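A quick write-up on the structure given underneath.
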Amino acid sequence: MIRPLQYSLCVLMLSLLSTLARADTSLHEALDKAWARAVQARVAESRQSEAQASRAVANSWLAEPPSIGVSEKNDRLNDRVGVREREFDLALPLLLPGQRAVREAFALRDAADANAALPAARLALAGELRTTVWNVAATRADTRIATERLNTARKLEADVLRRQQAGELARTDLLLSKEETFAAKNALSETQTRERQALARLHLLTGLDNIPDDINESTFLSAPSHHPRLTLAEASMERVRADMQMVREDKRNPPELSVGVVQTRDAYTTPAHNTLRVGIRVPFGSEARNAPKLAAANSAWVKAEAELRQTMAEIAAEQSETQAALDNAESVSQTAQTRAALANERLALQEKAFSLGELSLTEFMRVRASVNEVRLELLRAKVALGAARAQLNQAKGILP
């Protein structure tokens with residue numbers, strides 16, 4: 001009674017562990033792991049700090065940081081009677097009318113642009129992950145067919161050896177079966193190498209040693225109300241617009257209010273007198289100062305507007321192309337399933353004919369190679385169908 005109970009508990013524990021492992025290696029978890037390692041994630045997150053700095057600048061009542069100046073005049077080089085004049089200045093660069101409002105508007109647009117960069121970067125990383133995962137799945141399908149081919153070749157070689165020893169087949173048939181076994185070994189070695197390379201790229205991207213248990217995606221998932229790439233392009237254009245408005249308001253260097261204390265003394269024996277000094281300095285604007293800044297801002301605006309139109313066109317084209325690719329993949333998959341069913345039936349009949357001596361080894365191997373090719377096409381069609389669904393979701397802006 002104890003051993004069956006222990007066996008049942010072991011089976012239950014293994015089942016639970018397997019379930020946990022599958023939960024821990026979902027496609028969404030793989031994306032999280034890739035995001036934790038991605039460079040673009042760090043760049044997008046650093047934009048948040050940049051936006052916070054813009055907000056701090058916008059909240060300031062000064063155009064630039066204040067400065068302190070100290071100066072002194074005395075007669076130590078000539079009369080040396082103790083004449084001295086010291087001056088302490090505090091310079092406060094002031095904002096021009098309207099500048100604070102445009103700075104606040106720019107800070108808001110900058111924050112929106114930084115926030116939009118995160119989903120866009122995560123979507124781009126999801127596309128890279130999807131490509132890598134389905135590349136592993138494709139190489140794994142090739143490895144599976146190559147393994148089946150090798151196992152079948154070994155069984156055939158053993159059967160031919162038995163029949164050759166019984167005098168039913170010639171030695172040339174045995175040599176031909178051995179050649180097929182070696183060819184199958186080489187094919188399997190090649191596919192395993194490509195699979196290891198694909199897994200290495202997956203590990204570099206996510207840190208995982210294997211693809212998630214379930215990588216198939218549904219095409220009925222709800223797409224975001226606004227595509228992340230389009231949101232980022234619109235936010236970038238609005239940020240450039242706010243920057244251009246800020247440049248237009250920045251017509252000249254900021255006026256400077258200075259508050260100082262002047263300390264004077266006529267001789268060593270006389271007391272010092274303190275005087276308060278208040279002044280203001282107003283710079284003039286010039287074409288040489290403003291024209292290059294306005295030209296650069298207008299150029300950035302034209303570029304942002306063109307990039308927005310290009311992004312809209314690219315998204316529409318990608319969605320149309322991936323939908324067409326999915327329709328084609330579904331058709332190819334259905335055809336491949338029908339062909340595989342027919343090929344398997346034909347192979348069963350040919351195996352029976354070969355075992356009865358009604359079919360030569362050469363003809364049987366040709367038929368079996370054709371069937372293996374059909375099976376491989378079926379597996380590749382299934383992988384292509386899954387990849388097409390993933391690419392359609394990618395084009396719609398849907399994350400795993």
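Some values worked out for this structure:
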{"item": "Matching residues, region 255-285, being closer than 26 Å to LEU94 by Cα and part of a loop (DSSP other than H, G, I, E, B)", "result": "PRO255, VAL282, PRO283, PHE284, GLY285"}
{"item": "Failed item, numbered, when ALA395 is tested on (1) hydrophobic (A, V, I, L, M, F, W, C); (2) within 20 Å of the chain's Cα centre (by Cα); (3) not in a helix (DSSP H, G or I)", "result": "(3)"}
{"item": "Residues of region 40-92 that turn out to be in contact with a strand residue (DSSP E or B) (Cβ under 6 Å, 6 or more places away or on another chain) and among the hydroxyl-bearing types (Ser, Thr, Tyr), as a count", "result": "2"}
{"item": "Filter pass, PHE284 being under 30 Å from ASP327 (Cα atoms), loosely packed, with under 12 Cβ neighbours inside 10 Å and among the hydrophobic types (A, V, I, L, M, F, W, C)", "result": "no"}
{"item": "Residue within region 185-196 that is surrounded by fewer than 16 Cβ atoms within 10 Å (Cβ to Cβ), out of contact with any strand residue (DSSP E or B) (no Cβ under 6 Å at 6 or more places or on another chain) and in contact (Cβ under 8 Å) with a residue 60 or more places away in the chain present", "result": "no"}
{"item": "Residue list for region 341-366, filter: within 17 Å of LYS155 (Cα to Cα), assigned to a helix (DSSP H, G or I) and among the polar types (S, T, N, Q)", "result": "GLN350, SER355, THR362"}
{"item": "Sole exception among (1) loosely packed, with under 15 Cβ neighbours inside 10 Å; (2) touching a residue at least 24 places away in the same chain (Cβ under 8 Å); (3) under 28 Å from the mean Cα position of the chain (by Cα) for PHE220, by number", "result": "(2)"}
{"item": "Index of the failed condition, GLU363 passing every other in (1) of a type outside the set (Phe, Trp, Tyr); (2) within 20 Å of LEU150 (Cα to Cα); (3) surrounded by fewer than 18 Cβ atoms within 10 Å (Cβ to Cβ); (4) touching a residue at least 40 places away in the same chain (Cβ under 8 Å)", "result": "(4)"}
{"item": "Number of the exception - ARG252 against (1) surrounded by 12 or more Cβ atoms within 10 Å (Cβ to Cβ); (2) part of a helix (DSSP H, G or I); (3) at pLDDT below 85", "result": "(2)"}
{"item": "Candidate set: region 106-122, residues that are among the aliphatic types (A, V, I, L, M) and surrounded by fewer than 19 Cβ atoms within 10 Å (Cβ to Cβ); chosen: the one modelled with the lowest pLDDT", "result": "LEU108"}
{"item": "Residues of region 319-335 satisfying the condition of being small (Gly, Ala, Ser) and either in contact with a Ser or Thr (Cβ under 7 Å, 6 or more places away or on another chain) or under 9 Å from ALA388 (Cβ atoms) (or both)", "result": "ALA325, ALA329"}
{"item": "Only listed residue being at pLDDT 85 or above and closer than 30 Å to ALA306 by Cβ, chosen from LEU208, LEU204, LEU230", "result": "LEU230"}
{"item": "Failed criterion for TRP134 (all others in (1) closer than 30 Å to THR25 by Cβ; (2) over 28 Å from the mean Cα position of the chain (by Cα) hold)", "result": "(2)"}
{"item": "Any chance LEU96 is among the aliphatic types (A, V, I, L, M) and in a helix (DSSP H, G or I)", "result": "no"}
{"item": "Where ASP214 falls short, out of the listed (1) at pLDDT 85 or above; (2) in a helix (DSSP H, G or I)", "result": "(2)"}
{"item": "Residue tally, condition part of a helix (DSSP H, G or I) and under 30 Å from PRO93 (Cα atoms), over region 25-83", "result": "14"}
{"item": "Counted residues, region 158-187 - those being in a helix (DSSP H, G or I) and more than 49 Å from the chain's Cα centre (by Cα)", "result": "14"}
{"item": "GLU72, sole failed condition from (1) within 33 Å of the chain's Cα centre (by Cα); (2) over 26 Å from ARG130 (Cβ atoms); (3) modelled with pLDDT of 75 or more", "result": "(1)"}
{"item": "Options THR181, THR152: the member that is among the polar types (S, T, N, Q) and at pLDDT 85 or above", "result": "THR181"}
{"item": "Count of region 273-319 residues which are of a type in the set (D, E, K, R), over 28 Å from GLU234 (Cβ atoms) and in contact (Cβ under 8 Å) with a residue 24 or more places away in the chain", "result": "3"}
{"item": "Unmet requirement for GLU351, which otherwise passes all of (1) farther than 30 Å from LEU94 by Cα; (2) charged (D, E, K, R); (3) surrounded by fewer than 12 Cβ atoms within 10 Å (Cβ to Cβ)", "result": "(3)"}
{"item": "Residue, farthest from GLU87 (Cα to Cα), within region 41-72, restricted to residues that are surrounded by 12 or more Cβ atoms within 10 Å (Cβ to Cβ) and of a type in the set (Asp, Glu)", "result": "GLU45"}
{"item": "Single condition VAL259 does not satisfy, out of (1) touching a helix residue (DSSP H, G or I) at 6+ places or on another chain (Cβ under 7 Å); (2) more than 25 Å from LYS293 (Cβ to Cβ)", "result": "(1)"}
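The values are calculated or read from the model by the stated rules, or taken from the named source; none is laboratory data. Model, not experiment: these values are computed from the prediction. Methodologically, a virtual Cβ is constructed for each residue, glycine included, from the backbone with ideal geometry; neighbour enumeration extends over all protein chains shown.
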